[in-house]
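Asker: Can you keep this structure in mind? I'll have questions shortly.
The values are calculated or read from the model by the stated rules, or taken from the named source; none is laboratory data. Since the model is a prediction, treat every value here as computed from it, not as a measurement. A quick note on method: Cβ atoms are made from the backbone with ideal geometry, for glycine too, and the neighbour counts reach across all protein chains shown. These accessible areas exclude ligands, DNA and RNA; they are computed on the full protein's heavy atoms, side chains included. Shrake-Rupley method; radii C 1.70, N 1.55, O 1.52, S 1.80 Å.
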Amino acid sequence: MTLQLRLLLTISTIALLYSCKPAVQDLPYLGRNKIVDGQEVRHQIRSFNFIDQDSIPFNAEVLKGQVYLADFFFTSCPSICPRVMKNMLRVQEKYKGTPNFKLVSFSLDPKRDTPARMKKYAENIGADLSMWHFVHGPKDSIMTIANEDYYVPAFEDPDAPGGFDHSGKLLLIDGNGHLRGFAEGTEDEDVIAFFDTIDALLAQSK
Amino acid sequence: MIRFFYIALAVISTATLTQCNSTEYPSGKRYYDAYCGNCHMGDGKGLSKLIPSLEKSQYLIHQQDELPCIIRNGIKSTVADSSAEVQLSMPAHPKLSEIEILNICNYVNHSWGNQQVQLNLEDIKDKLKLCN
């Protein structure tokens, strides 16, 4: 074997190995862009004014500059919510103490899910309320932001278990309110794989 | 050489069989996964204080007579708390047949460290007659 050939083989092997290594993800901006005054504007979560489990105002100001993972649930949900919450707890354990990172759970059933009831629920599942907010707001507003801003199909359905049909997606939002990724909250493997996406966004947000 | 071959064959077949029969109650597991697993989870561990764990469960030992009724009719209980009155409940599954309830009971009773006697269909029918 000639020296050139050996060299070529070594270099191509190294190149191959490097190509296998996943590159740092350049996360996309998800959602449909809008045209405002002839300019294309990125999809953004609209500003809202709700309260949390302690009846403290929960609005765009609280989330400004925070990377957060959102989900939609209700405390009496007998179908997918416990699985999703188990995975939210998994995320809580992994990112405990991470600055500028929050978990946000919006209740689809504000009539029954009073702040006090949500607080009890949060304590029962072991939520760390220093990083996790349980959000209470007018039903129509919550439904609207779920469907139009977070792209989570959610609607009232008397035939659905618990009275609401909704998806168990987890939505990753950056510090400017842009949707940057999502995972199936009911699928353990999907959520564990999603840690890479969260890490990438946190790294970019520093 | 041939002896080694047969030993290897025996080891492989035993390993395969063990994997196939990961539960003695495959039908029960199927119904459990469909009707119970979303809350009590596939590993029976539930969710913190919200949904009780079924692993080595003392509750399960004490509620053997009520188990079929609990699966069919659910549980409603109200817990008074200083800040709120919270209703903790387990949803009812009125459409489950006696056979399906039997399969779930036997699966749960023999999983995650639980060791109860195997129930038969007559047991389930008798216990269901006593539902409130």
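Asker: Return the average number of partner chain Cβ atoms within 10 angstrom of each residue Cβ along peptide A:116-127. Don't jump to the answer; show the numbers that get you there.
Answerer: On the way: counts 6, 6, 2, 4, 10, 5, 1, 6, 8, 5, 4, 1.
Average neighbour count from other chains, rounded to a whole number: 5.
Asker: Using the 2.2 N^0.38 Å rule of thumb for compact globular proteins, work out how the protein assembly as shown stacks up: its C-alpha Rg over that value, please. Before the final figure, lay out the partial values.
Answerer: Values: Rg = 25.5 Å, N = 338, 2.2 N^0.38 = 20.1 Å.
My calculation over the Cα atoms of the protein assembly as shown gives 1.27.
Asker: How far apart, in nm, are two points set 7 Å out from the Cα along the Cα-to-Cβ line at A:Thr197 and at A:Glu93?
Answerer: 2.1 nm
Asker: Between A:Asn59 and A:Arg46, what is the spin-label point distance in nm, taking each point 7 Å from the Cα along the Cα→C-beta axis?
Answerer: Taking the simple label geometry, A:Asn59 and A:Arg46 are separated by 1.5 nm.
Asker: Buried accessible area for the A:B pair, summed, 1.4 Å probe, in Å² rounded to 100?
Answerer: Numbers: alone 11530 and 9340 Å², together 19460 Å².
Interface area, both chains combined: 1400 Å², rounded to the nearest 100.
Asker: For a 31 Å ceiling on Cα separation, which of these pairs sit above it: A:Lys139/A:Lys206; A:Lys102/B:Lys49; A:Lys64/A:Lys120; A:Lys206/B:Lys45; A:Lys64/A:Lys169; A:Lys119/B:Lys125?
Answerer: Details: A:Lys139/A:Lys206 35 Å; A:Lys102/B:Lys49 22 Å; A:Lys64/A:Lys120 27 Å; A:Lys206/B:Lys45 37 Å; A:Lys64/A:Lys169 22 Å; A:Lys119/B:Lys125 41 Å.
From A:Lys139/A:Lys206; A:Lys102/B:Lys49; A:Lys64/A:Lys120; A:Lys206/B:Lys45; A:Lys64/A:Lys169; A:Lys119/B:Lys125, over 31 Å: A:Lys139/A:Lys206; A:Lys206/B:Lys45; A:Lys119/B:Lys125.
Asker: Here's a follow-up. Which of the peptides B:110-116, A:37-43, A:75-81, B:126-132 is most tightly packed, and how do the rest follow, going by the mean number of other Cβ atoms within 10 Å of each residue? Provide the component values of the computation, followed by the final result.
Answerer: On the way: B:110-116: 14.3, A:37-43: 9.4, A:75-81: 22.3, B:126-132: 11.7.
Highest-to-lowest ranking by the protection proxy: A:75-81, B:110-116, B:126-132, A:37-43.
Asker: Within segment B:103-132, whose backbone N sits under 18 Å from a point 7 Å along Cα→Cβ of B:His62?
Answerer: Answer for segment B:103-132: B:114-116.
Asker: With a point put 7 Å past each Cα toward its Cβ, work out how far A:Tyr151 is from A:Leu129 in nm, to one decimal.
Answerer: Here the modelled spin labels are 3.4 nm apart.
Asker: When only C-alpha pairs under 8 Å and at least 6 residues apart count, what is the relative contact order of segment B:27-129, in percent? Don't skip to the answer; put the middle values down first.
Answerer: Working: 129 pairs, mean separation 31.1, N = 103.
It rounds to 30 percent for segment B:27-129.
Asker: To continue, here is another question. Determine the calculated [θ] at 222 nm for the protein assembly as shown from helices alone, applying -39500 (n - 2.57) to every DSSP H run no shorter than 4 residues and normalising by the residue count; nearest 500 deg cm²/dmol. Walk me through the intermediate numbers first.
Answerer: Values: 13 runs with 138 residues, N = 338.
For the protein assembly as shown, the value works out to -12000 deg cm²/dmol.
Asker: To the nearest 10 degrees, how steeply does helix A:81-95 sit against the main Cα axis of chain A, on a 0 to 90 scale?
Answerer: Relative to chain A, helix A:81-95 is tipped by roughly 50 degrees.
Asker: Let me check I've understood the local charge: for A:Glu93, count other residues with C-beta under 14 angstrom from its C-beta, Lys and Arg +1, Asp and Glu -1. What total comes out? Intermediate results must be reported in sequence, preceding the final value.
Answerer: On the way: positive: A:Lys86, A:Arg90, A:Lys94, A:Lys96; negative: A:Asp128, A:Asp188.
Local charge sum for A:Glu93: +2.
Asker: Give the calculated FRET efficiency between A:Leu30 and B:Ser77 to the nearest 0.05, with a Förster radius of 51 Å applied to their Cβ-Cβ distance. Walk me through the intermediate numbers first.
Answerer: Numbers: r = 42 Å, r/R0 = 0.83.
Step by step, r from the Cβ atoms, then E = 0.75.
Asker: Still on this structure: Relative to the longest principal axis of chain A, what angle (0 to 90°, nearest 10) does the C-alpha long axis of helix A:188-205 take?
Answerer: It works out to around 80 degrees.
Asker: Now for a different question. I'd like the orientation of helix A:115-125 relative to chain A: the angle between its Cα long axis and the longest Cα principal axis, in ° from 0 to 90, rounded to 10.
Answerer: Helix A:115-125 sits roughly 50 degrees off the main axis of chain A.
Asker: On to the next question. Ordering B:Glu55, A:Glu148 from largest to smallest accessible area (1.4 angstrom probe), what's the sequence?
Answerer: On the way: B:Glu55 80, A:Glu148 105 Å².
Ranked from most to least accessible, the order is A:Glu148, B:Glu55.
Asker: Let me ask you something else. Taking all protein chains as present, what is the carbon and sulfur share of the accessible area of the protein assembly as shown, in % to the nearest whole number, probe 1.4 Å? Mind showing how you got there, number by number?
Answerer: On the way: 10800 of 19460 Å².
C and S fraction of accessible area: 55 percent.
Asker: Which parts of segment A:64-80, residue by residue, lose 20 Å² or more of accessible area when the rest of the protein chains are there, as against the chain isolated (1.4 Å probe)?
Answerer: In segment A:64-80, residues shielded by partner chains: A:Pro78, A:Ser79.
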